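So the structure is just underneath, and the comments pick up after that.
The values are calculated or read from the model by the stated rules, or taken from the named source; none is laboratory data. Remember, it's a predicted structure, so these values are computed and weren't measured experimentally. Note: ideal-geometry Cβ built from the backbone for every residue, glycine included; neighbour counts use all protein chains shown.
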Amino acid sequence: MSRNKVEQAIELIDEINLGDPNDEMVDGKAQPKEWLYGVRMSECLDQFKPQASDILKIAARAQHIRRWSVPRSDYPMNREGYFKWRIGLGVRHADEAMKIAAQAGFEQEEIDAIGRMLRKENIKRDPQVQALEDVICLVFLSFYFTDFAAKHSEEKIVRIVQKTWAKMSDEGHEAALKLPFTKSQQALLAKAFA
């Protein structure tokens, strides 16, 4: 497959996500939140699966494409609302990434596979879907766990870590255990795994 197709697709994804009106501060500089998330996903994928397929690279970069356009507040603030929001996002992310992959010249079979990855179809059975889920969990643990832990009760954090861990493969677990957690994070993880 032409490297240019991958580069073109990632450029198009980044072009969209650079328009995120929400920022995240990194080293004192504001970065568009979902663009930064996409970069982190790609970097994590490169470390976790250096030989990742081109379509997995595109799915990873597009995981949160234009996510700000569907706020969580548009759905009921309960468990059912949360799941509807997440499923709806997966469908929207898949649709948008598939259009971009088509525009970049990917074959229909590859485009469909990107959609399946972003909709999380056959997780635990499809190695590419599972690899994407592992990377999502590793990015959460590496970059968002600390802020999340500061905003929620210990009980909720322990539950979330347990759910995150259950989504991951053994290979994902190995990679997660190598992350540089703080002592307080290690204590929370120990409670989650007890």
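Taking region 125-150 as the range and being modelled with pLDDT under 90 and of a type outside the set (Gly, Ala, Ser) as the test, the residues that pass are Thr146, Asp147, Phe148.
Table: residues versus (1) in contact with a helix residue (DSSP H, G or I) (Cβ under 7 Å, 6 or more places away or on another chain); (2) surrounded by fewer than 16 Cβ atoms within 10 Å (Cβ to Cβ); (3) under 26 Å from Gly105 (Cβ atoms); (4) free of Cβ contacts under 8 Å to residues at least 40 places away in the same chain.
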| position | (1), (2), (3), (4) |
| --- | --- |
| Leu12 | yes, no, yes, no |
| Glu15 | no, yes, yes, yes |
| Asp23 | yes, yes, no, yes |
| Asp27 | no, yes, no, yes |
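Number of residues in region 163-194 that are part of a loop (DSSP other than H, G, I, E, B) and either within 17 Å of the chain's Cα centre (by Cα) or of a type in the set (A, V, I, L, M, F, W, C) (or both): the value is 5.
Residues checked against (1) β-branched (Val, Ile, Thr); (2) in the same structural domain as Ala175 (by TED's automatic domain parsing); (3) in contact (Cβ under 8 Å) with a residue 12 or more places away in the chain; (4) exposed (fewer than 14 other Cβ atoms within 10 Å of the Cβ):
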| site | (1), (2), (3), (4) |
| --- | --- |
| Gly115 | no, no, yes, no |
| Ala131 | no, yes, yes, no |
| Asp134 | no, yes, yes, no |
| Leu138 | no, yes, yes, no |
| Leu141 | no, yes, yes, no |
| Tyr144 | no, yes, no, yes |
| Phe148 | no, yes, yes, no |
| Lys151 | no, yes, no, yes |
| Lys156 | no, yes, no, yes |
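Of the residues examined, Phe106 is not one that is outside the structural domain of Lys57 (by TED's automatic domain parsing) and of a type in the set (Phe, Trp, Tyr).
Please indicate, with yes or no, whether at least one residue in region 134-146 is over 21 Å from Gly90 (Cβ atoms) and small (Gly, Ala, Ser). Within region 134-146, one or more residues are over 21 Å from Gly90 (Cβ atoms) and small (Gly, Ala, Ser).
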